[in-house]
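Below you'll find the structure, written out as structure tokens, and then a few comments.
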Amino acid sequence: MGTSFTIICNECEYSKTIMLGVGMAYSPEMLMDFDSEYAILPSLIRSKKTLEFVKMLISDKGGVIPYTYAHKIYHCPKCSEFYEHFFYQVNYDGGIFKPQYKCTKCKTVLEIISRENESQGDLNLKSYPCPKCGKYSLAEDLSSVVMWD
């Protein structure tokens with residue numbers, strides 16, 4: 001089951017809702033389904049070129065997607081914006097492929113933010129400046145936490 005929450009700034013009106021984790025439809029079998037009406041990977045990988053590349057790695061190079069995939073938080077090191085993207089990797093004969101996401105505002109490669117304590121969901125937002133006002137006053141809006149599936 002996944003969760004969603006909102007990042008807020010205590011100094012300005014910045015807020016960003018983020019979805020994390022995976023739902024029940026994200027089973028490994030469903031993830032490897034590319035062609036049926038229930039296929040989920042085509043909706044998670046937005047680039048058709050990348051989707052075709054992933055299909056090729058799986059079909060031609062023995063690629064597998066390990067169960068480390070999930071919606072994760074990404075951060076732009078240049079403009080400080082936050083994003084939620086689907087993280088996955090493909091292990092194949094000859095290497096590992098991981099997607100690279102870019103900031104829609106400044107085109108800088110995004111970095112994954114890892115939680116300090118996965119079991120409690122701690123996110124050290126105070127170490128990041130607000131993308132809008134630049135102050136170090138970000139927090140999780142605890143009233144907006146939602147479980148999703």
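Of all the residues in the stretch 1-11, those that are closer than 30 Å to PRO66 by Cα, at pLDDT 90 or above and surrounded by 18 or more Cβ atoms within 10 Å (Cβ to Cβ) number 1. In summary, GLU111 fulfils each of the numbered conditions (1) surrounded by 12 or more Cβ atoms within 10 Å (Cβ to Cβ); (2) within 19 Å of ILE8 (Cα to Cα); (3) of a type in the set (D, E, K, R) with the single exception of condition (2). For the stretch 25-45, which residues satisfy the criterion of being surrounded by 10 or more Cβ atoms within 10 Å (Cβ to Cβ) and either touching a Phe, Trp or Tyr at 6+ places or on another chain (Cβ under 9 Å) or not in a loop (DSSP other than H, G, I, E, B) (or both)? Of everything in the stretch 25-45, those that are surrounded by 10 or more Cβ atoms within 10 Å (Cβ to Cβ) and either touching a Phe, Trp or Tyr at 6+ places or on another chain (Cβ under 9 Å) or not in a loop (DSSP other than H, G, I, E, B) (or both) turn out to be ALA25, TYR26, PRO28, MET30, LEU31, ILE40, LEU41, PRO42, LEU44, ILE45.
In the set (1) under 16 Å from the mean Cα position of the chain (by Cα); (2) surrounded by fewer than 16 Cβ atoms within 10 Å (Cβ to Cβ); (3) among the hydroxyl-bearing types (Ser, Thr, Tyr), the condition left unmet by SER59 is number (1).
For first residues located in the stretch 131-143 and surrounded by 14 or more Cβ atoms within 10 Å (Cβ to Cβ), partners that are modelled with pLDDT of 95 or more and small (Gly, Ala, Ser) and lie 6+ apart or on another chain with Cβ distances below 7 Å form the pairs PRO131/SER80. Looking at TYR14, is it closer than 17 Å to CYS130 by Cβ, in contact with a Lys or Arg (Cβ under 7 Å, 6 or more places away or on another chain) and surrounded by 15 or more Cβ atoms within 10 Å (Cβ to Cβ)? Taking the combined requirement at face value, the residue satisfies it. Residues considered: PRO66, PRO77. Of these, the only one that is assigned to a loop (DSSP other than H, G, I, E, B), in contact (Cβ under 8 Å) with a residue 12 or more places away in the chain and closer than 30 Å to LYS132 by Cβ is PRO77. Beta carbons closer than 6 Å, at least 6 apart along the sequence or on distinct chains, pair a first residue in the stretch 1-24 that is within 20 Å of SER80 (Cβ to Cβ) and assigned to a loop (DSSP other than H, G, I, E, B) with a second that is polar (S, T, N, Q) and modelled with pLDDT of 95 or more for ASN10/SER137; GLU11/SER137. If you filter the stretch 17-45 down to residues that are under 30 Å from CYS133 (Cα atoms) and not aliphatic (A, V, I, L, M), you find that the one that is farthest from the chain's Cα centre (by Cα) is THR17.
Only one of these conditions is not met by VAL54: (1) without any contact (Cβ under 8 Å) to a residue 60 or more places away in the chain; (2) under 30 Å from ASN124 (Cβ atoms). Which number is it? Of the numbered conditions (1) without any contact (Cβ under 8 Å) to a residue 60 or more places away in the chain; (2) under 30 Å from ASN124 (Cβ atoms), the odd one out for VAL54 is (2).
Candidates in the stretch 102-139 are the residues that are within 17 Å of the chain's Cα centre (by Cα), among the charged types (D, E, K, R) and not in a loop (DSSP other than H, G, I, E, B); of these, the one that is modelled with the lowest pLDDT is ASP122.
The values are calculated or read from the model by the stated rules, or taken from the named source; none is laboratory data. These numbers were taken from a predicted model, which means no experiment stands behind them. Heads up, the Cβs are rebuilt from the backbone with ideal geometry, glycines too, and the neighbour counts pull from every protein chain shown.
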